[in-house]
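Below is one structure, written out as structure tokens; the observations come after it.
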Amino acid sequence: MKQLIRSPVFKRLFRPVLTSSCVIGKRSSHFTYFPDTVPESQGETVRLNLFQSINNALDTALATDNSAVVFGEDVGFGGVFRCTIGLQDKYGKDRVFNTPLCEQGIAGFAIGVAVGGATSIAEMQFADYIFPAFDQIVNEAAKYRYRSGNLFDCGKLTFRAPCGAVGHGALYHSQSPEAYFAHTPGLKIVVPRGPIKAKGLLLSCIRDNNPCIFLEPKVLYRSAVEMVPTQEYTLPLSSADILVEGEDVTLVGWGTQIHVLREVADLARQQLNVSCEVIDLVTILPWDRQTIFNSVKKTGRLVVAHEAPVTNGFGAEIAAAVQSECFLHMEAPVERVCGFDTPFPHIYEPFYLPDKWRCLSAVKKIINY
Amino acid sequence: MAASMFTSGAILSRKLLSVRVLSECVRVTNLRCLSSGLVEEQPNFPGSRSKWTESLDFVQPDLYDGIPVYRVMDRKGNIIDPASDPKLDKDTVVKMYQRMTLLNTMDRIMYESQRQGRISFYMTNYGEEGTHIGSAAALDDNDLVYGQYREAGVLMWRGFPLDRFMNQCYGNEGDQGKGRQMPVHYGSTEHNFVTISSPLATQMPQAVGSAYAFKRAQNGQCVICYFGEGTSSEGDAHAAFNFSATLECPVLFFCRNNGYAISTPTSEQYRGDGVAARGPAYGIATIRVDGNDVFAVYNATKAARHITITENRPVLIEAMTYRIGHHSTSDDSSAYRSVDEVRQWDSTQHPIARLRAYMVTQQWWDETQEKAWKDDCKRQVMQSFARAERRHKPSWKEMFTDVYDEVPDHIREQYEYMAAHVAEYEEHYPVKNFVKNE
């Protein structure tokens, strides 16, 4: 085979016929990545991207908890996004293994593993395919402790799923399903913005005594690179991060959208002389209302942005809670910059996303309200 | 070789399928054939390694008569083949009989209590007592049980007290489930019985997961998962069967095929040979038994358990039985089946009657004992019932706990809001029936 590839015949036959000049509108991402840093007190760091930091967190979980098991479709060879690479070799097939192609089975099995006393870490290959598991997650996992009067629980259960826009994912490889699950008491939902957060948050979810859904923005798997502490650490859930302090407008988002909002804050300062406070919600459920309320009471203006469709997206919950709690402090209505009420499209993605221009426009609007 | 050429990122055009390339492919393929003379003998697909055939034959659903029904007793309770008599000792058999009849008595009284508006809902187990007791008696008390909702006899066998059955049905302060669920949604950690939930078949893949955890923990226990034939139509059942076999889990699937899923008879539930026929298709060892023959159920469960524990693989038992009662207190089955049919099953091949016949043959039971025990059952149940009815409901603050392991701020604030509201509008809320909030 190798000989064939090297042959001049082969090379001539397979020379690319398309050059980059032929392509109409070269794809580029809609955001610029803003890496986090950690203070030196955190010790030694290593350069990791998002899938590597997730791999590191899973490695730590497996190393420190003998009962922990990681499973899902194609998890054994390393996973379609390489999050589980090397883990089966290191920990064995009984701890890191493939399941049949069945999300409702994965979810039900995952619950049972946790009820049976082991730490259960289940992967859904794409968040878009989590819906067959909706019954198990919403009707069973979320309610296990409550309905049994705390006799039984599946607290040691974490679902991981890649979510969000990736440039070409279209309807079924781009969804952000957090709003469906946020409507279910008993679940925790967490979305990291980068590798440093992901490692600590995933470990927290795995060790948390409640069923957690960890949504990983897939477009960040390779592109998000940070100097991640090598030591083991957890990060608190239900605690929002104020990334940029500001006086005039509060910008709230999570995941990839945080990087859009960071750029919006810069543009607002440069172009509008407006000072934005950027907050990463981090945990969607239970969400850190106090941090958001405090910020809005200070600025009087709020923009919430998320990729998921606007109607009944999680921005609606934030908007409703904020207007109820902060009404007298508000200078303008809450603005939501979100995906449109359509399925996530393929070729129209540049028009669909809540990009920096739409967000900046929203800031402009409420500043001049 | 040819395959990897086509999956490379290269764009193919007619130009590429030149003779030189093709001949290269053929040369390599021929080399492969020569090295293995057996290539033509059997199929070598990764998905199946069976045999070739040149006959265009469909495997029809009526290929065979159906998996036979294993039994020990005849319909009247006589042992057919003495070799299959488990020869359980008198105490065990009497206990089996007493638990079945106690369950039956509790069912009658609780069903009535719902009719009288004392509890909101109830489901009886009439006709299926044999499936519960026979299987439970063959298990280890530490084997984990996942039920559907018609397995109260398993709890009865394991010693779940009458008071706890009643407390759950009344949702009073004695209910360890804290009054969260409708009646008959029992659960108990001491009795290794996972709390019942209403959605059907959800327990099935969960049972598989727990069995996997047990296998890893090497604790010597298996998991038993009960479900009805209607439930076996759910997607979760398929998922559970497939996962249990591929992941090699020590789980016992026990199907109570009682002929009806509410009003839907089996002819409208499936067209194949029941649930049992599906087992081998998933790679699962399977047996069909007479669910109304306590000893058959016992023997099958015991043997199945041995397989799961020693070989770490699943087993499927389809226990054929008949649902003598209505689906629940919300159902009147005369709307879809004849009273004659029900009467027929109530008076012949009944699990309780057959076991009694066996006991009488062994001279372990007689009319005097029967009468005394019947009265004792009734008394026990009535007293427990009265105790449960008198008790308060738990503090309504418990509505807000156990959503998470700890109460988060937003839920605590919701409780505080409601506490203030109830304080102001107390006369409109049934506060007197509930334990006072701290």
| Rounded if a/c is under 1.5, else prolate if a/b beats b/c, else oblate: with a ≥ b ≥ c from the C-alpha gyration tensor eigenvalues square-rooted, which is chain A? | oblate
| request: Compute the FRET efficiency between residue B:62 and residue A:131 as 1/(1 + (r/R0)^6), taking r as their Cβ-Cβ distance and R0 = 30 Å, and round to the nearest 0.05. | output: 0.20
| remark: Each label sits 7 Å from Cα toward the beta-carbon; between residue B:380 and residue B:120 the label points are separated, in nm, by 2.9
| message | Rounded to whole Å, give me the distance from the Cα center of region B:348-377 to that of region A:25-71. | response | 67
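About the Cα centre of the protein assembly as shown, how large is the charge dipole given +1 on each Lys and Arg Cβ and -1 on each Asp and Glu Cβ? Please answer in debye to the nearest 20.
Charge dipole, the protein assembly as shown, about its Cα centre: 1960 debye, nearest 20.
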| query | Which whole-number percentage describes the relative contact order of region B:65-390, with Cα contacts under 8 Å and a sequence gap of 6 or more? | reply | 26
| Calculated FRET efficiency for the pair residue B:90/residue B:331, C-beta based, R₀ 41 Å, to 0.05 | 0.60
| request: From other protein chains only, count the Cβ atoms within 10 Å of every residue's Cβ in A:98-104, then give the mean. | output: 5
| request: Among DSSP beta bridges whose residues both lie in the protein assembly as shown, state the antiparallel percentage, nearest 5. | output: 20
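Quick one: what do you get for region B:280-428 if you divide its Cα Rg by 2.2 N^0.38 Å?
1.70
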| At most 13 other Cβ within 10 Å, DSSP loop - chymotrypsin sites (Phe, Trp or Tyr not before Pro), region A:51-121 | A:77
| message | With angles folded into 0 to 90 degrees, how steeply does helix B:203-217 sit against the dominant principal axis of chain B? Use alpha carbons for both and round to 10. | response | 80
| remark: Farthest towards the positive end of the dipole of region B:65-390, among B:88, B:353, B:113 and with Cβ unit charges of +1 on Lys and Arg and -1 on Asp and Glu, lies the Cα of B:113
| task | Out of all DSSP beta bridges with both ends in chain B, state the antiparallel percent to the nearest 5. | result | 15
| request: May I ask what percent, to the nearest 5, of DSSP beta bridges between residues of region A:204-298 are antiparallel? | output: 40
| message | Filter chain A for me: DSSP H helices, axial length by Cα at least 20 angstrom, mean Kyte-Doolittle hydropathy not below -0.5. List them by residue number. | response | A:50-64
| How large is the charge dipole for chain B, taken about the Cα centre, if only the Cβ atoms of Lys, Arg (+1) and Asp, Glu (-1) carry charge, to the nearest 20 debye? | 640
| task | For the protein assembly as shown, build the charge dipole from Cβ charges (+1 Lys, Arg; -1 Asp, Glu) around the Cα centre, then report which of B:45, A:29, B:203 sits farthest towards its positive end. | result | B:45
| query | Most exposed first by the Cβ proxy, i.e. fewest other Cβ within 10 Å, how do B:96, B:359 rank? | reply | B:359, B:96
| remark: In terms of the alpha carbon gyration tensor, root eigenvalues a ≥ b ≥ c, rounded if a/c is under 1.5 and otherwise prolate when a/b exceeds b/c or oblate, the protein assembly as shown is oblate
| task | Give, as ranges by residue number, the residues of region B:423-438 whose backbone N falls under 18 Å from the point 7 Å along Cα→Cβ of residue B:392. | result | B:423-424, B:426-438
| query | To the nearest 0.05, how large is the calculated FRET efficiency for residue B:98 and residue B:417 if R₀ is 45 Å and r is the Cβ-Cβ distance? | reply | 0.35
| note | Extension length gain for residue B:49 and residue B:310 (0.36 nm per residue less Cα distance), in nm, is 91.2 nm
| said: Order A:247-255, B:319-327, B:282-290 from most to least packed using the mean count of other Cβ atoms within 10 Å. | reply: A:247-255, B:319-327, B:282-290
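Rounded to the nearest whole Å³, what is the per residue volume of the convex hull around the Cα atoms of region B:65-390?
131
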| field | Sparse-neighbourhood loop sites, chymotrypsin sites (Phe, Trp or Tyr not before Pro) in region B:369-438 - DSSP loop, at most 15 other Cβ within 10 angstrom | value | B:425
| request: Only loop residues by DSSP count here, and only those with at most 11 other Cβ atoms within 10 Å; note down the trypsin sites (Lys or Arg not before Pro) in region B:396-438 that meet that. | output: B:436
| Of A:304, A:348, A:338, whose Cα points farthest to the positive end of the dipole of chain A (charges on the beta-carbon: +1 Lys, Arg; -1 Asp, Glu; origin at the Cα centre)? | A:348
| query | Points 7 angstrom from Cα along the Cβ direction at residue A:80 and residue B:80: gap in nanometres? | reply | 5.2
| request: With no solvent and one equal point scatterer per Cα, compute the Debye intensity ratio I(q)/I(0) for region B:386-429 at 0.14, 0.23 Å⁻¹ and report its log10, rounded to two decimals. | output: -0.45, -0.85
| remark: Per the rule of 0.36 nm per residue minus the C-alpha distance, extending residue A:365 to residue A:28 adds in nm 118.6 nm
| message | At 222 nm, what value in deg cm²/dmol follows for chain A if DSSP H runs of at least 4 each add -39500 (n - 2.57) and the sum is divided by all its residues, to the nearest 500? | response | -9000 deg cm²/dmol
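Throughout, read-outs are computed from the coordinates displayed, never taken from laboratory work. Since this is a predicted model, take the numbers as computed values, not measurements. Positions of Cβ are generated from backbone atoms using ideal geometry, with glycine treated the same way; all protein chains shown enter the neighbour counts.
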